[in-house]
Ligand SMILES: [Ca+2]
Ligand SMILES: [Ca+2]
């Protein structure tokens, strides 16, 4: 997998620019295999070329259901704000660093507004490029897959701008949609899930003991680099609500470096294709 071959600890300006070219291709083909032609190892010395300037890295985060009052997603805010400190433009919901699970429409509208830099109602060459990054926990994890799909189909957006650079799913779960679909316009996806409900799991009692367990996501396209980890298999007894905090460092590394988290390399599995 070419994500694991990248050698630097941070994605360089040139690599980000090359990634954007690949994103443009994957978005335009909407499920084609164009991104396989992207070579992030390519370096360039033409740093003054506007086409090679780093894009804005835009991050949208979504909480789980009711988490604004329950605080179940401890660690999510910290993750999103850590990325912001590293230079990401975090799309905020007022003072909150993440949107509530029941406000997917508001989240998408805010993301669109961020991408529509000049506010003319369309996202095109007159807006600077924003590389979209999405993070969601639980219910919000499924939501961000919807948001990626909305981008893919949004005719107000130039087709080459409809890609998602990276998506991180933290135990994504909705009762009727267990397996998160990863749309074809997503370049990189990582899911951190847990698979066994122990007695002290936050979701144990509200689910008659069944628990909210994120299942393995389904990638829509082989062009997407999609990696899944079962935290219960190697990180101890991880509860549903522990996933954002247990996976914070890994997820941050994913966002910053656009590659798998090296310390957990032995536990990485490819997502099945649907
Ligand atoms: Ca615009
Ligand atoms: Ca567990």
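Laboratory data are not the source of any read-out in this text; all were calculated from the coordinates shown. These figures come from a predicted structure and were not determined experimentally. Heads up, the Cβs are rebuilt from the backbone with ideal geometry, glycines too, and the neighbour counts pull from every protein chain shown.
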**Report entry** Mean-position separation - Cα centroids, region 209-226 and region 98-163, in angstrom
**Finding:** 21
Query raised in the report: Rg and Dmax of region 88-178, Cα atoms, in Å?
Result: 13.0, 41
Requested in this report: May I have the extent of the alpha carbons of region 62-133 along their three principal axes, as whole Å values ordered from largest to smallest?
Outcome: 41, 27, 17
Report summary line: Once residue 56 and residue 199 are pulled to full extension, the length gained, defined as 0.36 nm per residue separation minus their Cα-Cα distance, is 47.2 nm
Report summary line: Using the Kirkwood formula on alpha carbons, the hydrodynamic radius of region 56-270 in angstrom works out to 17.0
Query raised in the report: If contacts are Cα pairs under 8 angstrom and at least 6 residues apart, what is the relative contact order of region 125-273 in percent?
Result: 22
Requested in this report: For region 229-271, just list the percent of Cα-Cα distances falling in each 5 Å bin from zero outward, please.
Outcome: 5, 22, 31, 27, 14, 2
Query - Nitroxide proxy distance, nm - points 7 Å out along Cα→Cβ at residue 85 and residue 268 - result: 2.5
Query - 84, 155, 114 arranged by Cβ crowding within 10 Å, fewest neighbours leading - result: 155, 84, 114
Report task. Take residue 109, project a point 7 Å from its Cα along the Cβ direction, then tell me which residues of region 138-165 have their backbone nitrogen under 20 Å from it. Result -> 140, 143-157
Report summary line: Of 134-147, 201-214, 67-80, ordering from highest average Cβ density within 10 Å down gives 134-147, 67-80, 201-214
Report summary line: Fewest to most Cβ atoms within 10 Å: 196, 261 sort as 196, 261
Query - Extension gain, residue 234 back to residue 124 (0.36 nm per residue minus Cα-Cα distance, nm) - result: 35.2 nm
Requested in this report: Could you bin all the Cα-Cα distances of region 192-274 into 5 Å bins starting at 0 and give me the percent of pairs in each, rounded to whole numbers?
Outcome: 3, 15, 22, 23, 18, 12, 6, 2
